[in-house]
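Undergrad: The structure under discussion is supplied below as structure tokens; questions concerning it will follow.
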Amino acid sequence: MHFEPQPPISFKIFDGPIEIPGRITVSGRRIGFYPQKPLARGVTYTAILKAGLQSTEGPNGLENDFSWFFTIGPLPKVEQVSYLDDYYNQIKVYFNVPMSDKSLSGITISPKPESDYSFDLYYGEKSASAYVSLLPETTYTVTVPKSVTDQYGVSIQTAFTHKFTTPKKPTSISVFPNNTYYAAFNQAVTQRV
């Protein structure tokens, strides 16, 4: 259906009962609505094409109102950071929207871990993980800077920091079979052979 570009074209956007002011354009088969102010992030709006809208293909117009809902995506933010003290020593940063993996290189851990690390995610994921070698009984700070962006390039609005302390490791020893000189300790010891 081609829409007749003659006023009045009744295409309205609402935030609840409040009509959003804006201008309407028509180009071929497209009707555009351009709000006077940017629409708010995280808000669900209602769009309505009113009955009577005429097409260029004849005198019969739209018989009934046609409406639909759409939501403007929220601004990206960090929801939480967690540390999992297990074999892998995983630090995970949770976001409210899918993020850009290219921007995650700005996330830092201090003091700097003994091993290199990077935060990784798969396209469309809302969390990023790093596997790091951390010292026991040490307080670390994870900092997510404002340069971290969602998959559309929108930056988080506030830098985020999270502190955690790694637990004490229990003393243990592993000894290998007879006639070997190997042992594994999980705390610093002076070797004697």
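The values are calculated or read from the model by the stated rules, or taken from the named source; none is laboratory data. On a predicted model such as this, the values are computed, not experimentally measured, just so you know. Here Cβ is always computed from backbone atoms with ideal geometry, including for glycine, and neighbour counts include all displayed protein chains. All accessible areas refer to the heavy atoms of the entire protein, side chains included, with ligands and DNA or RNA removed. Shrake-Rupley method; radii C 1.70, N 1.55, O 1.52, S 1.80 Å.
Undergrad: Any idea which of Ser118, Ser147 is under 30 Å from Leu39 (Cβ atoms), open to solvent by 20 Å² or more (accessible area, probe 1.4 Å) and at pLDDT 90 or above?
TA: Ser147
Undergrad: Then there is this: When Tyr152 is evaluated against the numbered criteria (1) hydroxyl-bearing (Ser, Thr, Tyr); (2) over 13 Å from the mean Cα position of the chain (by Cα); (3) loosely packed, with under 15 Cβ neighbours inside 10 Å, which criterion, by number, is the only one it fails?
TA: The one condition Tyr152 does not meet is (2).
Undergrad: Of all residues in segment 84-102, which are part of a loop (DSSP other than H, G, I, E, B), in contact with a Lys or Arg (Cβ under 7 Å, 6 or more places away or on another chain) and not β-branched (Val, Ile, Thr)?
TA: Asn96, Pro98, listed by residue number.
Here is a yes/no grid of residues against (1) in a strand (DSSP E or B); (2) surrounded by 13 or more Cβ atoms within 10 Å (Cβ to Cβ); (3) among the aromatic types (Phe, Trp, Tyr); (4) modelled with pLDDT of 90 or more:
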site	(1), (2), (3), (4)
Pro59	yes, no, no, no
Leu75	no, yes, no, yes
Ser82	yes, yes, no, yes
Leu104	no, yes, no, yes
Leu134	no, yes, no, no
Thr143	yes, yes, no, yes
Thr158	no, no, no, yes
